[in-house]
Each structure stands twice: as structure tokens, then as C-alpha cells.
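The values are calculated or read from the model by the stated rules, or taken from the named source; none is laboratory data. All figures in this text were calculated on a predicted structure; none of them were measured in a lab. Every residue, glycine as well, gets a Cβ built from its backbone with ideal geometry; the counts of neighbours run over all protein chains shown. Ligands, DNA and RNA are excluded from the accessible area calculation, which covers all protein heavy atoms including side chains. Shrake-Rupley method; radii C 1.70, N 1.55, O 1.52, S 1.80 Å.
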Amino acid sequence: MVGECSPCAETSVQHCRCGKEKQSRPCAQLTWSCNQVCGKLFPCGKHWCQETCHPQGTCGECPRSQAIRLCPCGKTSTHNLPCTEDVPCCGDTCGKALSCGQHQCTEKCHYGSCSQCLQFSVKSCRCGARQKEMPCVKTFTCEVRCQKKKSCGRHVCKRRCCDGVACSTCDQICGGNHKCMSVCHDGPCYPCTITIDKACSCGQTVVSVPCIRQKVAQPPKCRRPCLHKSKCDHQTIQKHACHFGDCPPCILVCGRKLTGCDHSCQSRCHDSVSVKIQTEKKVLAGPWEQHTPSYTTLIRQPCPPCPFPTSVQCKGQHETSVLPCSNSVIYSCKRECGRELPCTNHTCTLECHVVSGESGGGGESGTECQTCEEACSQPRPKGCTHPCIKPCHPKACPPCKQGVKTRCHCGVTVIYTPCHEWTNPQFNKDEKLSCPGLCPKELNCGHPCSLKCHPPGQCRSKCIEKVTLRCKCRTIKQTVACHLAVDKVIECTEKCKQQQPHQSPPTSSDQGSQSEAPEEEVESVLLPGRRQRKRKERTTSVDESESFISMQLLKKYCPIVFIVLSVLAAFYFAITAEN
């Protein structure tokens with residue numbers, strides 16, 4: 001580096017300026033003073049030199065042998081006075097500056113030193129750190145120690161009330177590691193010739209290095225194995241060479257059995273992990289308390305969660321997911337359950353859930369699935385318009401027993417037929433709609449149909465009613481079927497002629513009545529049931545009015561009866577489901 005050289009650190013024996021004393025001094029400080037009075041005679045031979053150590057031959061003439069001499073205060077002069085005589089005092093005020101440097105002497109002109117200053121003033125100490133009012137004759141020094149470093153740059157002055165001049169030069173002995181005996185100096189000491197043994201951690205490998213390289217020299221490389229004991233649970237650790245400080249972290253597999261499963265920990269060993277502990281800062285109660293600094297310690301960390309992949313099914317067994325063993329907990333896939341309910345018509349709509357029971361492993365519902373509360377949705381038989389009276393159920397609906405109201409073929413009787421019979425294709429409706437009564441329809445001949453109630457258009461084409469036919473004289477009569485009486489005529493016989501003489505001859509009025517009688521007789525013969533028919537019509541009209549009233553009452557109270565029966569049926573099924 002370019003610049004001024006440092007002062008020479010060599011020492012040599014040097015004389016003072018007056019040559020009376022000699023001392024070993026640094027080569028950079030050859031001139032020095034012993035501070036002794038010179039004491040040599042002046043050329044007058046009567047007085048001695050009173051100056052302190054000065055170069056030889058520089059004493060000069062006697063100061064009292066001058067031509068013009070002044071009185072002690074320097075205000076009055078005297079000429080040509082011998083050096084052996086003193087100049088008389090002038091009697092004026094001395095006026096010399098006192099030792100304080102601020103005031104003058106108030107005595108008369110006198111020989112010798114002036115007396116001490118008796119005045120008070122505010123004085124500063126030598127270092128200038130303090131001020132105080134005191135007599136001028138006294139020197140004020142404070143108790144503050146100087147903190148400036150000396151010229152060596154290492155030692156502190158530590159003098160009380162130092163003015164900064166005396167602390168510039170360090171006169172202490174250097175005193176290095178091996179006691180450098182030179183005066184304190186700048187820069188490093190001279191290289192030390194002592195050697196130091198430096199050993200490895202186990203102490204079996206040793207090398208010697210110069211003292212000056214003790215701090216920078218690296219310890220020797222030891223090929224022997226480390227002798228430190230393992231700090232983890234492993235009895236043996238990985239082999240490594242001798243070293244200083246803590247052993248490297250164990251890189252073996254932990255191998256401890258994990259809690260909650262049968263797997264072992266496959267992570268790197270974590271029995272002894274270096275962790276820095278940060279202490280919490282708190283408000284101190286006083287200066288006697290101190291903050292606890294952070295520190296580093298070895299702790300045993302717990303094993304991490306088991307990462308082995310495990311197949312886990314959801315609660316409802318809809319899907320299978322591969323999860324870490326530590327998270328292998330049965331879960332819900334958020335889908336609908338979808339299992340077939342006991343009704344076999346609907347599926348469970350609850351969110352994916354656990355299904356237990358005998359049917360839990362298959363596709364059927366379990367005890368945790370919802371209960372079907374829907375109405376029966378199975379299709380009704382063809383022709384049936386009534387709803388199923390049961391709630392949603394498996395298999396076929398029970399036969400509908402609702403009554404289907406119909407009238408018989410003759411329209412007189414109301415017949416109630418179970419719906420399952422009425423809608424059965426094999427059911428004979430014509431037979432069911434035939435009431436026990438006779439058919440009220442009239443044949444072409446005027447007689448009522450003699451058959452029982454039957455479908456329309458099936459009345460007998462030939463009337464089998466018995467009618468009585470007579471001859472013209474009304475003597476012979478014969479009973480025949482009605483359909484044969486239309487074309488049959490009974491002729492008079494000999495018997496009629498034999499009986500006619502015994503009868504009185506008819507008068508004109510009788511003849512008229514007789515002429516009308518055959519017509520009435522034929523009418524009575526042909527239509528013997530006309531009066532009965534009128535009675536039946538009257539009876540039928542009465543029955544129809546009564547049946548009309550019955551139908552009106554039935555229409556009025558039938559909904560009420562149906563509602564009551566529905567409530568009772570629902571209550572019955574609710575009790576049955578709970579049991």
C-alpha cells in the first residue's frame with residue numbers, strides 16, 4: 001500500500017540535550033530533556049545558569065551584566081550597575097500578570113515571585129467538561145476519566161480530567177500473547193518464534209504451527225472415525241471422520257412404528273433435531289431483570305403422518321379413492337345413496353351414508369336409508385280409475401275393491417261390482433248386470449218379456465204367453481201360445497150348432513153387445529196383462545223416485561265417508577310401520 005511509513009519501532013541509548021543523562025529511547029524520539037537545571041557559571045564568574053536541560057554552549061552572558069537594567073516591575077531603568085548589585089525597587093505597583101493569567105499583581109514593586117491570586121472566578125477544568133467558581137490560585141480538575149485512545153490505538157488514556165496532550169503517546173508495554181516487551185506500538189508485533197501444538201477433535205492427530213498462525217491455522221485433518229455417541233435412538237450412526245462441533249444429522253430411516261396403523265416411519269431420523277428457541281419479550285419489572293436470550297436446543301420431533309397409499313371406499317360404497325394412510329377415514333362422496341328402497345319402486349335420495357344390515361353390501365337399502373313416504377305409483381289395471389289404497393309397496397297392487405256403480409240391463413236395479421272384477425277381461429258383465437227381476441220390456445204383441453233381466457236386443461222373438469181363443473159363437477175355446485194365436489182361427493163345429501137352439505135369439509141390443517163382445521174378448525184374450533202392466537208402471541215410477549232420492553243422499557254423504565275411511569287407513573298404516 002502506498003503512503004507514509006510508520007514510525008520506527010527500534011530502540012537505542014540516547015543522551016539528553018545537556019548530556020548529563022542517557023536513556024534507552026525509541027529510535028523515532030531521539031531528542032529528549034532530563035529537566036535538570038544547567039548550573040554552569042556565566043562568564044562573570046559569580047552567577048550560574050538557571051535554565052533547564054539545554055544544548056551545551058548555549059548559556060550566553062550573565063543576565064545581570066547588561067548596560068541597562070530594569071527594576072523588578074520593569075517600569076524604572078538603571079544604567080551601568082554592576083551585576084553584583086540589585087536594582088532598587090521603584091515603589092510603583094508591580095502590575096505583573098499573576099499565575100492565573102487573568103489578574104495582575106497589586107503589590108508594590110518587589111523582588112521574587114508575586115503572591116498567589118486571591119480573587120474568585122468561574123474556571124473550567126482541563127478537559128473542559130465541568131465549570132466551577134473558585135479562587136484563581138487553585139487549579140480545577142474534574143473526576144471524568146479520559147476515554148481517548150493513545151497513539152497505539154489499543155489502550156485508553158483513563159486519566160482524570162485529561163487535556164488530551166498527555167494521552168497522545170502510549171508508554172505501556174505491548175504485552176502480546178507471549179509478552180511482547182516492546183513499548184506499545186502501532187501495527188502487529190514482531191512474529192513470535194514459539195510454536196503451538198494444534199490437535200484434532202479426538203486429540204490423536206497433532207500438528208505444530210507458529211504462534212502467529214495459531215488463529216488462522218486450520219486443525220489437522222483426522223482420518224480416524226468420529227468417537228461421539230449417537231444422540232438418536234439408533235445404536236449406530238453413519239460412519240464419518242473426526243470433526244469439531246456437533247455430528248451431522250442422522251440420515252438413517254426412523255423406522256419407528258406409527259400410531260394408528262401397522263406401517264413404520266420411513267422419514268429421515270428426527271430423534272435429535274436442532275431447533276432455535278425464541279423467547280418472548282416481556283416488560284421488565286426493573287433493571288435487576290434481564291431478557292432471556294434465544295438459544296438452540298435438541299428436541300425429538302414426532303413422526304409425520306403416515307403417507308402410505310390406502311384404498312378407501314366412500315360411506316355408500318359408490319367409489320374407491322387412494323388416500324394417505326393417515327387420512328384413510330371413511331368419507332362421503334356427496335352423491336345420492338341410490339339404493340333401492342324396500343318398495344322396489346324408488347331409491348334412497350339421502351347423501352352418501354353408511355349402510356348396515358344384511359343388505360348393506362349389495363345394492364339394496366339398509367336400516368339407515370330413508371323410509372319411502374310416496375304414494376303408490378304403479379300403473380293401475382286397464383279400466384280402473386281408483387288410486388291404490390296402500391302406500392308405495394313392492395310387487396303388484398292388491399285387487400281394487402272399490403265398488404263400480406252400474407244399473408242392470410232393465411235399468412231398475414243399481415248393482416255394485418268390485419272394481420277388480422269389473423275390469424277383469426274374463427268377467428261376464430252381461431251375467432252380472434242381470435237382476436233377479438223379469439224384463440219389463442213389452443213384446444210386439446203387448447205382453448211383457450217373460451225372460452229375466454237380460455241385455456238389450458235379446459228379448460224373445462216369439463211370445464210364449466198362453467192366450468184363450470174362442471170360436472165365433474164363443475162355444476169352443478182353446479189355449480195356445482201368443483205367437484200362434486195371431487194366425488190361428490177356431491171354426492165353429494157341430495157342437496156349436498147343437499147348443500145354439502137352446503140359446504134365446506139375440507135382440508138388436510144384444511146383437512150389438514154380442515158384436516162388441518168378441519172384440520173385447522179378443523182384446524182381453526190378446527192383452528190379458530194390460531192392467532197388470534199399468535200397475536207395474538205405477539210401481540216402477542214409485543221405485544224410481546225412491547232410488548233417485550237414495551242417489552242424492554249417496555252423492556251428498558259419500559265424500560265424507562270416503563275422507564273418514566282414508567284417515568282411518570292412514571292411521572292404521574302409520575301404527576303398523578312403527579311396530
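For the chain, the dipole from Cβ point charges (+1 on Lys and Arg, -1 on Asp and Glu) about the Cα centre works out to 2140 debye, to the nearest 20. Relative contact order for segment 174-254: 21 percent, from Cα pairs under 8 Å spaced at least 6 residues apart, divided by residue count.
Think of the chain as a dipole: +1 on every Lys or Arg Cβ, -1 on every Asp or Glu Cβ, centred on the Cα centre; then among TYR416, CYS369, THR141, THR141 lies furthest on the positive end.
The heavy atoms of GLU374 present about 110 square angstrom of accessible area, all protein chains included, probe 1.4 Å.
With the Cα gyration tensor of segment 31-137 giving a ≥ b ≥ c as the square roots of its eigenvalues, does the rule (a/c under 1.5 for rounded; else a/b larger than b/c for prolate; else oblate) give rounded, prolate or oblate? It comes out oblate by the Cα gyration axes.
Measuring with a 1.4 angstrom probe and ignoring ligands and nucleic acids, ARG154 comes out at about 120 Å² accessible.
Run the dipole for segment 184-236 about the Cα centre, Lys and Arg Cβ at +1, Asp and Glu Cβ at -1, nothing else charged, and hand back the magnitude in debye, nearest 20.
280 debye
Within a straight-line Cα-Cα reach of under 19 Å, LYS477 can be paired with the following lysines, leaving aside sequence neighbours fewer than 8 residues apart in one chain: LYS466, LYS488, LYS495, LYS497. Within the accessible surface of segment 269-313, defined with a 1.4 Å probe on protein heavy atoms only, the carbon and sulfur portion equals 56 percent.
Please work out which option in (i) 28.7, 93; (ii) 77.2, 250; (iii) 26.5, 104 gives Rg and Dmax of the Cα atoms in Å calculated from these coordinates, and answer with its label. From the options (i) 28.7, 93; (ii) 77.2, 250; (iii) 26.5, 104, the structure gives (ii). Based on Cα contacts under 8 Å between residues 6+ apart, segment 70-140 shows a relative contact order of 22 percent.
Here the accessible area of segment 394-471 is 51 percent carbon and sulfur, with a 1.4 angstrom probe and all protein chains present. Only helices enter the 222 nm calculation for the chain: every DSSP H run of n ≥ 4 contributes -39,500 (n - 2.57), and dividing by all residues gives -5000 deg cm²/dmol, rounded to 500. Shown are SER65, SER99, whose ranking by accessible area with a 1.4 Å probe and every protein chain present, most to least, is SER99, SER65.
Among the listed pairs LYS382/LYS432; LYS405/LYS429; LYS405/LYS462; LYS22/LYS149, which are separated by more than 23 Å between their Cα atoms?
The answer is LYS405/LYS462; LYS22/LYS149.
Which of VAL312, CYS492, PRO7 sits closest to the plus end of the dipole of the chain, meaning its Cα is farthest towards the positive end, when Lys and Arg get +1 and Asp and Glu get -1 on the C-beta? It is PRO7, whose Cα lies furthest towards the positive end. Surface analysis of segment 33-87 yields an accessible area of 65 Å² per residue, using protein heavy atoms and a 1.4 Å probe. The mean sequence distance of close C-alpha pairs (under 8 Å, at least 6 residues apart), as a share of the length of the chain, puts its relative contact order at 3 percent. Taken one residue at a time, the phi angles of segment 137-154 give Karplus couplings (6.51, -1.76, 1.60, θ = phi - 60°) of 6, 8, 9, 9, 10, 8, 9, 6, 8, 6, 10, 6, 7, 6, 5, 5, x, 10 Hz. Gly and Pro are set to x. Taking the charge dipole of the chain about its Cα centre, with +1 at Lys and Arg Cβ atoms and -1 at Asp and Glu Cβ atoms, the residue from VAL207, LEU98, ILE194 reaching farthest to the positive side is LEU98.
By the gyration tensor of its Cα atoms, with a ≥ b ≥ c the square roots of the eigenvalues, what is the shape of segment 49-198: rounded for a/c under 1.5, prolate for a/b over b/c, or oblate? Each step should come with its number before you reach the end.
Working: a/c = 5.84, a/b = 1.90, b/c = 3.08.
Because a/c hits 1.5 or more and a/b fails to exceed b/c, segment 49-198 counts as oblate.
Of all lysines in the structure, the ones whose alpha carbon falls short of 17 Å from that of LYS40, not counting any fewer than 8 places away in one chain, are LYS20. Estimated from the Cβ-Cβ distance and a Förster radius of 60 angstrom, the FRET efficiency linking SER99 and TYR190 is about 0.80. The 1.4 Å probe gives accessible areas that order ILE415, ILE299, largest first, as ILE299, ILE415. Sorting TRP288, TRP422, TRP32 by solvent-accessible area of protein heavy atoms yields TRP288, TRP422, TRP32, largest first, with a 1.4 Å probe. Here the dipole of segment 408-503 is about 540 debye; that uses its Cα centre as origin and unit charges on the Cβ of Lys and Arg (positive) and Asp and Glu (negative).
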